[in-house]
Amino acid sequence: MNCTDLLSHLSDYFDEQLSPRLLDEIRTHTAGCQHCKVVLDTTHQTIEVYKGNEIYEVSDELRERLHTAIMSKCLAKK
Ligand SMILES: [Zn+2]
């Protein structure tokens, strides 16, 4: 699991559609990757707000923004 893999599973993660094995891999990754942890936490908070308004959706735009954020921060050191 790397940052790109994590991102590709992001919507399934928040839809709780992931297998236990994938969930485990995501938890393992975020334990060692502060940026992805922040992204997950932030997205979770955002979704909670959306859920309150019943317009919950991990939109393509949000995914794109997260993708950009991860790529610029998380992968910049490589
Ligand atoms: Zn990461």
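The phi-based Karplus calculation (6.51 cos²θ - 1.76 cosθ + 1.60; θ = phi - 60°) puts the 3J(HN,Hα) values of the range 10-15 at 4, 5, 5, 4, 7, 8 Hz, whole numbers, x for Gly and Pro.
Rolled with a 1.4 Å probe across the full set of protein chains, the surface gives K37 an accessible area near 90 Å². For the range 28-38, 3J(HN,Hα) computed residue by residue from phi via the Karplus equation (6.51, -1.76, 1.60; θ = phi - 60°) reads 5, 5, 5, 5, x, 10, 4, 5, 5, 4, 4 Hz, glycine and proline entered as x.
Between Q45 and K73, the simple label model (points 7 Å from Cα in the Cβ direction) yields a spacing of 1.1 nm.
The values are calculated or read from the model by the stated rules, or taken from the named source; none is laboratory data. Here the structure is a predicted model, which is why all the values come from computation and not from measurement. Because the Cβ atoms are built from the backbone with ideal geometry, glycine has one as well, and the counts that use them run over all protein chains shown. Just so you know, the surface numbers come from the protein's heavy atoms only, side chains and all, with ligands and any DNA or RNA stripped out. Shrake-Rupley method; radii C 1.70, N 1.55, O 1.52, S 1.80 Å.
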